[in-house]
Structure formats: structure tokens, C-alpha cells
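Just so it is clear, none of the values below were taken in a lab; they were calculated from the coordinates. The structure displayed is predicted, hence computed values, not measured ones. Here the Cβ positions follow ideal geometry from the backbone for every residue, glycine too, while neighbour counts run over all protein chains shown.
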Amino acid sequence: MKLLGTKTSPYARLTRIVLLEKGLENQVELIWTKTRNPDDPILAVHPSGRVPVLILDDGTTLEDTPVIVDYFDSLVSPARFAGSSDRVDWRYRDIEAKARAMMDGLSVWAREVIRPADEQSPTIIDHERLRAARLADYFETLTDAQELNGPLTMAPIYLFGSLDVERRLPAFDWRAGRPKLVAWHARVSELPSVKESAAPA
Ligand SMILES: N[C@@H](CCC(=O)N[C@@H](CS)C(=O)NCC(=O)O)C(=O)O
């Protein structure tokens, strides 16, 4: 199997964390790619062109982080992600959805600021900046919740990935006034799968 990602994609990083959590690192080759290239031959079999995308040995492509996570989870028992009891825990699912919403919004913001200055929308940037700040405030109150601690599951993985977007988007200054989130992020950053999943410099 081949897992394609860019060095900056937070979604691709999440799938690498899950890959390591499931102990599948020897079965999956990591391919570092670049998106937005209309001449990329992969578009013939992967028309959306988004990463992460997993290419199975028979050539089948699987895209979208939750799909890839569920696929990895299906390969090694016990299910930690797709089939776990948290799928019917609605409080858990809501926390996960909020962490994913944070990452989706931050991705829009990060994409906006790399556009040429005269194409950037201050309205979009402001909307995403405010959304991210509200969600960071929400998570500051939730750092001790069992849903975000213990063995890694999708909610803490999405939250970590969201906070980590600060590395490419310094304007996302979530640390000021949020000491609990700073401590939570520092702890999760040291987990082996999180450290090992970082893209090479
Ligand atoms: N919902 C998708 C989002 C993936 C996504 O937005 N990937 C971005 C990189 S962070 C991408 O491939 N962008 C290139 C493009 O849109 O052409 C997931 O969960 O995997």
C-alpha cells in the first residue's frame, strides 16, 4: 500500500498517526507529493486530487481521512477507531466533530493566506480566525475530559492536528490565554505516534 500526502497536510498527518497507532508502518509506503498540479498522472485514477489518498496493492484508491482511518482500523484487531464503542457515544462524536470543524476551518484559512495578496478575502480570513478562536476557547475548557485523554482516538487526533496548523499559520495564535490547551498539546506532542508521524523537514 502507498499513502500519499503532502508535508503540510494536517489530514495526511492524522492518517500517519493512525497508521502508527495500528502498527502498520511496515505495510505502507509513505509518498510525499504536491497537490494542485493539473499534469499529475495520479489524477487519472484519483480525480479529486486531494490528499491523503491510500493506494491499495490492486490499484484501488481510498481517499478522505475517515475512510482511510476506518480502512487501517479494519486491518488490525481490535478496532480502535471505526468499530469502537465511541461511535455511538454522542458526546464523544460531538467533540470529535468540533475538532474536525476546527481543522476544516483552519485549512480554509491556511489556504487563503497562501493565495496572491490581491486574491485573498479578508472576510473569509476573519470568519475562520473567529471560528478557530471560539473552538480553541471551547477546547480550553475540555482538556481534562476523558474523551481527549487516554489512548489516541479521532477526537484528540483532530484536535492535535488543528492546533499544529500554527506551524504553517502563525496568525493562528491559540496559545495566549489558554494554558491548559498548551499543556495538553505539549503532552500529546510527545506521544510516539505523534512524534514519528511528523513530515521530514
Ligand atoms: N475531507 C478531506 C480533506 C482533505 C484535504 O482538504 N486535503 C487538502 C490538503 S490539506 C488537499 O488535498 N488540497 C489540494 C486540493 O484541494 O487540490 C479529508 O478528510 O481527508
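Assuming charge only on the beta carbon of Lys and Arg (+1) and of Asp and Glu (-1), the dipole of the range 1-151 about its Cα centre is about 160 debye to the nearest 20. Annotation: peptides 185-195, 64-74, ranked by per-residue average of other Cβ atoms within 10 Å with the highest first, follow the order 64-74, 185-195. Given the range 49-119 reduced to its alpha-carbon atoms as identical point scatterers, what log10 I(q)/I(0) does the Debye formula return at q = 0.15, 0.19, 0.21, 0.29 Å⁻¹? Computed log10 I(q)/I(0) values: -0.71, -0.94, -1.02, -1.22.
Panel values: the range 77-118, Kirkwood radius from alpha carbon pairs, Stokes-Einstein at 4 °C and 1.567 mPa s, translational diffusion coefficient 103 µm²/s. Here the calculated FRET efficiency for residue 121 and residue 36, from their Cβ-Cβ distance with R0 = 25 Å, stands at 0.85, rounded to the nearest 0.05. Taking the Kirkwood radius as Rh and the Cα radius of gyration as Rg, the chain has a ratio of Rg/Rh equal to 0.96.
Can you give the calculated 222 nm mean residue ellipticity of the chain, where each DSSP H run of n ≥ 4 adds -39,500 (n - 2.57) and the sum is split over every residue, rounded to the nearest 500 deg cm²/dmol?
Computed mean residue ellipticity for the chain: -14500 deg cm²/dmol.
Remark: the range 2-75 carries a charge dipole of roughly 380 debye about the Cα centre, counting +1 on each Lys and Arg Cβ and -1 on each Asp and Glu Cβ.
Of 166, 21, the sequence from fewest to most neighbouring Cβ atoms within 10 angstrom is 166, 21. With kT/(6 pi eta Rh) evaluated at 20 °C and eta = 1.002 mPa s, and Rh the Kirkwood radius from Cα pairs, the range 2-75 diffuses with a coefficient of 174 µm²/s according to Stokes-Einstein. Pairs of Lys residues in the chain, spaced 8 or more positions apart or belonging to different chains, with C-alpha separations under 20 angstrom: 6 in total.
Over the range 85-194, the Kirkwood radius and the radius of gyration, each from Cα atoms, give a ratio Rg/Rh of 0.99.
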